[in-house]
Amino acid sequence: MSRIITDNGVGKWTTRKYDEEKVSGTLEFADDLAFGSDLLYARIVHSTVAHAEIVSISTEEALNVRGVVKVITGREFNHHFGLYLMDRTPMAIEKVRYLGEPVALVVAETENAAEEGALKVKVEYKELEAVFDPVKAVQDNSVLVHPELGSYKKVDYLTPQPGTNIGNWFKIRRGNVEEAFEKAEYVIEELVNCPQIAHGFLEPYCCVCHEDPVSGRLTIWTAAQSAFAVRDILAKGLDYPLNKIRVIAPPIGGGFGGKAGMTIEALCLSAAMSPDLRGRPVKLFVPREEVLTTNGVRQGYVARIKLAIDKEGKIQGIKNTFYFDAGASAEYGANPVRSAGYTSTGCYYIPNVWTDSYAVYTNKPFGTAYRGFGLPELMGAMEVVIDIAARKIGMDPIEFRLKNLLSEGLPTCTGMPMHAHALDKIVHKVSEKIKVNTKEDAVRPGWIRGKGFALAIKAPAIPADSSSSAVVKILGDGTVEVLAATMDMGQGAYTAYAQMVSEELGIPLDKIRCLYPDTNSHPYDWQTVASRSCWIMGMAVKKAACEAREKLLALFAEYWQVSPDDIVLDHGLVKCPAKGLVSPIDEKVQNGFKMPDGILKGGPIIGTGTFTPPDIVYPDIETGQSPKSVVHFTVGAVGIDMEVDPVTGEIAVNNIAAGYDVGKAISPINVRGQIEGGTIQGLSAGLFEGMYYNEQGKLLTPDFTDYKIATSVDVPFNIDVFWEETPEKISPYGNRGIGEHSMIAVAPALNNAIFDALGVRLHSYPATREKVYRAVKLMKNGGSSDKDIWQSNFVKEQDYESALKEC
Amino acid sequence: MLPFKLEQPVTLEEAVSMLSDGADGPVMLKAGGTDLIPWMNKFLVHPQTLVDLSGIPCLSMLEYRPDDGLYIGALATVNCVAKLPQVHALFPALEDACLSHSDQLIRNKATVVGNVCAAVPSGDMIPALMAYDASVHIAGPSGETDVPLEEFIVGPRRTVLKKNEIVVYIKVPAHPGLFSGCYLKLGRRNALDLAQVGVACVVRDMASDPLYSIACGAVAPRVLRIKDAEEMLKGVKRPDSALLEKVAEAAMNAVSPISDVRASMEYRRDQVGELVKRAVTVCMTSRQ
Amino acid sequence: MSGKIEIQFNLNGHDEMWEVEPRDTLLRALRAHGVTSVKRGCEEGECGTCTVLVNEVPQKSCMLLAYEVDGKEVVTAEGLVGPNGELHPIQQAFISEGAIQCGFCTPGLVLTVYALLKENPSPSDEEIKSYLSGNLCRCTGYIGIFRAVRKAAELLSAKE
């Protein structure tokens, strides 16, 4: 066996790729790219009504603004797009389905002119009745957001229900839940809801598109998580061949799912492909206050969970009803609904399962991928209901969880057996770190301290054919270039891949570069989502590195007339200790080796690798069962030690402990970063975040002035993160994903901490100060510890009991 | 933003005459610009002419004149006011208010006078200045006058300033009996947010005959002095919890909050009571 | 209506002479002249990605009009890098402490930290949190950034 020696292989703490460029400001994002003076600028005109027929669009005044060259409307670009369900057009055509939907695009020579022009487009509407409440939308078909739902192309495994507002319906039917409820010692049924929330990435959407006027080839520079997905979606929507669409993805300023799939590229193309503009590049920048209405957000949800629990405290049955508020499009949002559905027993083993998970259309901005993809929503409800149930039956909430834990070998809700994991170890560690069962006095005088706990679980939510490929090139100067079309948006993928290559080739980390995606040069990768990249693309990168290594060893072996097993790759040098030979990796690996027999052999060394998950079987459409519904799960737990000002409702977090079983931490600095970042994003969502509308469906929280996210003063100075490593079998190094998981359990842990502190249960997110204050007031006025703060955004008069019946 | 004509006067008289000239279209003044420029960027206001005051030396004044008072010129930034030693020593409610305004960066440009002239009901500078009986010094075509702050603001975003008048400075009078003061602000979060409720309390002459000033913001169309509460507290050195409850009730009865996306009127009303209690409690101890 | 104004100022150690419109914010003027480390995250003063130093004072450039820096010194993240590409200790600390993920907020944050440590070379935890409250970060959750400020304070005091 040849030996490989490196300091910065898999598992080592290293510095990160591209950090130097980021900290010195030289890394260019989409909005930073410079084009020539022929660049045109576009600005969107948004609808001012939620549901209406477009009667007329008057562009005359806009065209009179000096510098405006064209105004494009929906009719001129009649194409449907969608990753899973093609229900979306870049601009409204004939009808608008939400307030803020793009209805026109103003194109001008300068950005100032485009902005001015956008103010001057006049649209006349004939208003239609709108539906904003997802529960109402699913029960009442009098207002249909997509009457043509039956005509949209889709993937096989989605089940939209034409004639209704149901964009997708995922089911699980296993065993006999009704019997379980009849036999149960305790039956607990609870509702939890959450409004839509925003990704909050700091870089707004930005895209430049160009069509070659002769060949029709499209070039797209865009802030996107997945260059190839943009290409695929555009190709299908435009009926264009893949090879005529080039997508270049510069580094992005945060994605969190909001830059997954296709975002504004088709909209920009409506200008770039316009007959009189073709040949000129067009730049579309979406200012902050338009971000939430131009592309997607996280779906809101109303979740009803019913548990059947026996005398010993074992959960025998579960009935889940999830209404996901998908807004006006389910093209991507149909899938978190599935992801929540096929994980709908959470971290627990429950023999009898009935789940209905719906994507419901409403006349609001639409949902898309969001970190956690259905699991923060599911666990936001489930981990609260589990806490309620434990207390109702008189068992410690953590003991209750451990008693029902989905251990290795037990079936998940889809029937797939759970693999090995360290969740019970993590539970114990988290509990200890925040001393969850010790009642402590508040640090702040007059405040009340509480501790809360919640579990996290998620599998990569991917189709069965989610493939990746990579190329590893060894250059004539001994450095390596890796072409892997993952978007390193800060999660550190390129550092991880470089560590893998260093591990396999013995070349120092600083001599290995990963290049940002370009569909012209990189081989195919499905998407940078689902926490799949270190795992799926990691397999491809490892294979490519190993292939390059084998070629390198074979060439040197022949060159030196030794066995490849006698060769050592040591910090970028090739050595044969037995013969005392040392060589740098130099031009020979580029131009060829002059072998002892005088023949030139070799040529540039390139390694390639591809990988696709081999054995995913889609859950049965009727029962949701499958022997292998997902590839694997990452599990974890969060404990929060917080305190609350009982009068103002202000919450301060003393400490958070968070641990996950990551299989193997390829790049520890990045694993730490992902856990820290996701934990705070979850905390911010739990404390502050929600999208609210007025009666006309106008978003009242469009920008950072009113959509508040956590600042530096809202977080603890440090938090306690850790990981366990139970290796994953099919994996480059035993690793599983971690990018999304740290967001999942935080908000419910906070909810449980608030209950621990105040004895009141919030049934809706976020836990704003005002909501906490109302909870305390309710308690003071004789509410029982069981009494609930239920806040529906839409049905103002609906109390908890009636909502429980209606939902 | 839309184009405008920029005027950069170097004297007060020049600035006033620019405002009086009946320019074609709206004329707006710029000091710090931290409200104005974002509003213009988002097309919420459209001045045809912008009169930038930053070239007028007398407006940069920021000084404390002993036995007279603190003079805050129109261009004095929030951070500069907060850092003035006399503000820390003598006007702690004002220091609190400054440090609760926006964030560290914005405070380097935003002006105290600008915050007052914007007259937003939740403006953080207003309650403290009102509790210190501040007055506003105005320059116009017919000369200069002083208006008490309480009379200066007449409604949401409305002051008595005429189109051709400029605020030169705000004066916070010196007072030998200043004992303590604070400003408490409640928002959705602790940084860069508009106040849901803002309460300033100032106590004078604690040793002899205590006099309380209490001003509340974000709970009425204009910042209010709660005279009933001030009456109840007059002469009391250490209000007990029963009195504090009555004081809180007086505040809750005096205000008329609205419900909006930031807070409901019920929450605002209850919290103004709570914050008044807390502010008075803080002021029982000297912060001078 | 709005004639162009000529402004002269010092940018990262170099004297510049630019023609700008009165309505050009400093943010847009900088970016139009290739200083793209200064980002436009919201253009309403809420995110801090547009932070610059003007005469050593950190400001949000989306709230400044370009003509206002006439005669002044402006520093952006590029300006903290030494003549031979040496990173400033604050920049080094950001890298070593895992304070960077997507990098969009980083240039602005580095400048705010620079101003903080100049004013207050050994800030408390609360002082650090409060000083940075005008710069949003969505990726790191601030935890790594706090580590970086502590480390930078150490490195800077060691230099003296």
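Read the figures in this text as sums done on the coordinates, not as results from a lab. Predicted model, so just to flag it, every value in this text is computed and none were measured. Backbone-built Cβ (ideal geometry, glycine too); neighbour counts: all protein chains shown.
Observations, loosely collected:
- In summary, the lysines within cross-link reach of B:LYS163, defined as a Cα separation below 18 angstrom excluding same-chain residues under 8 places away, comprise B:LYS5, B:LYS30.
- Length gained when the stretch A:GLU587-A:ASP7 is fully extended (0.36 nm per residue, less Cα-Cα span): 206.4 nm
- When the Gaussian network model of chain C links Cα atoms closer than 10 Å, the mean-square fluctuations of C:ASN84, C:ASN12, C:ASN55 top out at C:ASN84.
- Set A:LYS120/C:LYS60; A:LYS780/B:LYS185; A:LYS311/A:LYS729; B:LYS185/B:LYS246 screened for pairs whose C-alpha atoms are more than 28 Å apart: A:LYS120/C:LYS60; A:LYS311/A:LYS729
- Taking chain B as a Gaussian network of alpha-carbon nodes connected by springs under 10 Å, the highest mean-square fluctuation of the residues B:PRO47, B:PRO38, B:PRO257 belongs to B:PRO38.
- Fewest-first ranking of C:LEU136, A:LEU406, using other Cβ atoms within 10 Å as the exposure measure: A:LEU406, C:LEU136
- Gain in span if fully extended, A:ASN64 to A:GLU312, counting 0.36 nm per residue against the direct Cα distance: 81.6 nm
- Computed E for A:LEU515/A:ASP424 - FRET, C-beta separation, R0 41 angstrom, nearest 0.05: 0.45
- Note on chain B: with a GNM built from Cα contacts shorter than 10 Å, the maximum mean-square fluctuation among B:SER256, B:SER100, B:SER241 falls on B:SER241.
- Per-residue ³J(HN,Hα) for segment A:133-148, Karplus 6.51 cos²θ - 1.76 cosθ + 1.60, θ = phi - 60°, Hz, x for Gly and Pro: 8, x, 5, 5, 5, 7, 8, 10, 8, 6, 10, 9, 6, 10, x, 8
- Fraction of antiparallel bridges per DSSP, chain A only, in percent to nearest 5: 75 percent
- Cα-Cα over 24 Å, subset of A:LYS708/B:LYS109; A:LYS473/A:LYS628; A:LYS153/A:LYS628; A:LYS171/A:LYS451; A:LYS22/A:LYS433: A:LYS473/A:LYS628; A:LYS153/A:LYS628; A:LYS171/A:LYS451; A:LYS22/A:LYS433
- Annotation: lysines with alpha-carbon distance below 19 angstrom to A:LYS95 (same-chain offsets under eight excluded): A:LYS122, A:LYS126, A:LYS364, A:LYS698.
- Note, ³J(HN,Hα) from phi for segment A:291-308, Karplus 6.51, -1.76, 1.60, rounded to Hz, x at Gly and Pro: 4, 6, 9, 8, 10, x, 10, 8, 4, x, 8, 10, 10, 10, 10, 10, 10, 10
- Approximate spin-label separation C:ASN120-C:ASN10, in nm, with each point projected 7 Å along Cα-to-Cβ: 2.8 nm
- Longest segment of chain A lacking GluC sites (Glu not before Pro) that sit in a DSSP loop with at most 14 other Cβ atoms within 10 Å: A:441-586
- Inter-label distance for A:THR438 and A:ASP212, nm, one decimal - labels placed 7 Å from Cα along Cα-to-Cβ: 6.9 nm
- Trypsin sites (Lys or Arg not before Pro) restricted to segment A:279-361 and DSSP loop, no more than 14 other C-beta within 10 Å: A:LYS311
- A Stokes-Einstein calculation at 37 °C with viscosity 0.692 mPa s, built on the Kirkwood radius of the protein assembly as shown over Cα pairs, returns a diffusion coefficient of 102 µm²/s.
- Straight-distance crosslink candidates among lysines, where the alpha carbon sits under 18 Å from A:LYS805 and sequence neighbours closer than 8 are dropped: A:LYS136, A:LYS306, A:LYS319, A:LYS787, A:LYS796
- Within segment B:194-288, the trypsin sites (Lys or Arg not before Pro) that combine a DSSP coil assignment with at most 13 other C-beta atoms in a 10 angstrom radius are B:LYS234, B:LYS237.
- Inter-probe distance in nm under a simple model that places probes 7 Å from Cα toward Cβ, at A:GLU399 and B:VAL261: 4.7 nm
- Between segment A:643-706 and segment A:209-278, the C-alpha centres lie 32 angstrom from each other.
- Each residue of segment C:97-106 was assigned a 3J(HN,Hα) from its phi angle through the Karplus expression (A = 6.51, B = -1.76, C = 1.60, θ = phi - 60°), giving 9, x, 8, 10, 10, 6, x, 6, 8, 4 Hz with x at Gly and Pro.
- Here segment A:564-608 and segment C:4-48 have alpha carbon centers that stand 52 Å from each other.
- Segment B:159-181 versus segment A:20-75: alpha-carbon centroid distance in Å: 46 Å
- Residue exposure proxy: B:PHE152, A:PHE322, ordered by other Cβ atoms within 10 angstrom of their Cβ from fewest to most, comes out as B:PHE152, A:PHE322.
- Considering only alpha-carbon pairs that sit under 8 angstrom and 6 or more positions apart, the relative contact order computed for segment B:5-55 is 58 percent.
- A DSSP coil position with no more than 15 other Cβ atoms inside 10 Å describes the following trypsin sites (Lys or Arg not before Pro) in segment A:430-531: A:LYS435, A:LYS439.
- For C:VAL57 and A:GLU179, the FRET efficiency from 1/(1 + (r/R0)^6), where r spans their Cβ atoms and R0 equals 56 Å, is about 0.20.
- FRET efficiency for A:GLU127 and B:ARG157, using Cβ-Cβ distance with R0 set to 35 Å, rounded to 0.05: 0.65
- Considering only alpha-carbon pairs that sit under 8 angstrom and 6 or more positions apart, the relative contact order computed for segment A:57-170 is 26 percent.
- When each of A:MET273, B:MET232 is scored by the number of other beta-carbon atoms lying within 10 Å, the sequence from fewest to most is B:MET232, A:MET273.
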